[in-house]
Amino acid sequence: MIDLHCHVLPAIDDGAKDIDESLSLIRAAVDNGISHMMCTPHIQTGFFDNTIESIAQAFEPVARQVALQSLDIQLAFAAEVRICPEIMIWHKQKQLPFIGKWQGQNVLLLELPHSHVPPGTEQLIKWLGKNDIIAMIAHPERNRDILADFGKFKRLAKAGCLFQITAASVCGDFGESVQQLSHKLLLEDLVTIMATDAHSIKRRPPKLAEGKAVVVELVGQEKAHQLVYEIPKLISESKFAAIT
């Protein structure tokens, strides 16, 4: 399986606290059946002021230890970018880290606040599209505006974006309403990929295999395989040395 959203890099956001926890999370991912992992720390102005350079600096020692310990996983890095006006500036400065490509466009893992869908979100998604970037909305099933009004999800979809749901949401770890919405999205074929959004060993470990098992029950083995392997592979194959 291929995980395109996780927070395993050390001391760079609210994910792994140090390199020991990074490696513990990566070992857990290997045990969970994950063969490729995209490290996507937050970029959030005023909270996690990461850049491509700072993410690369955090990534290198982790990648080195993974190689030294012969862990059976390939790593790459990008970011989960919180929606903000600076995205347009970062694009012009070539400072947006992409998780890969989809149908010729760069894919930006875009995070909305958990509380709401900000005004102007649809306009930004359309602007990105005009600049050969397609937004992949991270965990829409956990957004309170979308939970309260499914029409807001439909408007985002109409604006032209992809959607990533979280395996733990499918399993019920974020509560019944989040689980119900994630199942609805799956049953209506509105999900592009599923990822772990792993943050820590104790609170939010990688659970892609558990999520896949639920998806198999809901929509079948073939669709589950597409969500955790085939589509993530198509998106990210330019970021990894090889995916077999």
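The values are calculated or read from the model by the stated rules, or taken from the named source; none is laboratory data. Everything quoted here is computed from the prediction, not taken from an experiment. All Cβ positions, even for glycine, are placed from backbone atoms using ideal geometry, and neighbour counts span all protein chains on display. Ligands, DNA and RNA are stripped out before the accessible areas are found, and what is left, the full protein with its side chains, is counted by its heavy atoms. Shrake-Rupley method; radii C 1.70, N 1.55, O 1.52, S 1.80 Å.
Quick look at the numbers
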{"quantity": "Selected residue (criterion: surrounded by the most Cβ atoms within 10 Å (Cβ to Cβ)) from residues of segment 1-31 that are of a type in the set (Asp, Glu) and either touching a strand residue (DSSP E or B) at 6+ places or on another chain (Cβ under 6 Å) or without any contact (Cβ under 8 Å) to a residue 40 or more places away in the chain (or both)", "calculated": "Asp3"}
{"quantity": "Sole exception among (1) in a loop (DSSP other than H, G, I, E, B); (2) under 19 Å from the mean Cα position of the chain (by Cα); (3) surrounded by 13 or more Cβ atoms within 10 Å (Cβ to Cβ) for Asn106, by number", "calculated": "(1)"}
{"quantity": "Helices (runs of 4 or more DSSP H) fully within segment 173-244 counting 1 or more residues that are open to solvent by 10 Å² or more (accessible area, probe 1.4 Å) and farther than 29 Å from Ala56 by Cα", "calculated": "176-187, 208-219, 221-225"}
{"quantity": "Among (1) under 25 Å from Arg27 (Cβ atoms); (2) small (Gly, Ala, Ser); (3) buried (at least 20 other Cβ atoms within 10 Å of the Cβ) - the single one Ala135 does not satisfy", "calculated": "(1)"}
{"quantity": "Residues (within 18 Å of the chain's Cα centre (by Cα) and free of Cβ contacts under 8 Å to residues at least 60 places away in the same chain) located in segment 147-164", "calculated": "Phe153, Leu156, Ala157, Gly160, Cys161, Phe163"}
{"quantity": "Condition check for Thr166: within 29 Å of Leu96 (Cα to Cα), touching a His at 6+ places or on another chain (Cβ under 7 Å) and of a type in the set (Ser, Thr, Tyr)", "calculated": "yes"}
{"quantity": "Those residues of segment 38-72 which are in contact (Cβ under 8 Å) with a residue 40 or more places away in the chain, open to solvent by 60 Å² or more (accessible area, probe 1.4 Å) and under 21 Å from Asp197 (Cβ atoms), in sequence order", "calculated": "Thr45"}
{"quantity": "Flag if Ile34 is over 18 Å from Pro97 (Cβ atoms) and touching a strand residue (DSSP E or B) at 6+ places or on another chain (Cβ under 9 Å)", "calculated": "yes"}
{"quantity": "Residue list for segment 125-136, filter: farther than 18 Å from Lys94 by Cβ and touching a helix residue (DSSP H, G or I) at 6+ places or on another chain (Cβ under 7 Å)", "calculated": "Ile125, Lys126"}
{"quantity": "Set Glu122, Glu86: member being open to solvent by 50 Å² or more (accessible area, probe 1.4 Å), in contact with a helix residue (DSSP H, G or I) (Cβ under 8 Å, 6 or more places away or on another chain), on the phi < 0 side of the Ramachandran plot and among the charged types (D, E, K, R)", "calculated": "Glu122"}
{"quantity": "Boolean, Leu128 is open to solvent by 60 Å² or more (accessible area, probe 1.4 Å), in contact with a Leu (Cβ under 7 Å, 6 or more places away or on another chain) and within 23 Å of Ile235 (Cβ to Cβ)", "calculated": "no"}
{"quantity": "Filter result for Val117 (closer than 27 Å to Met88 by Cβ and touching an Asp or Glu at 6+ places or on another chain (Cβ under 6 Å))", "calculated": "yes"}
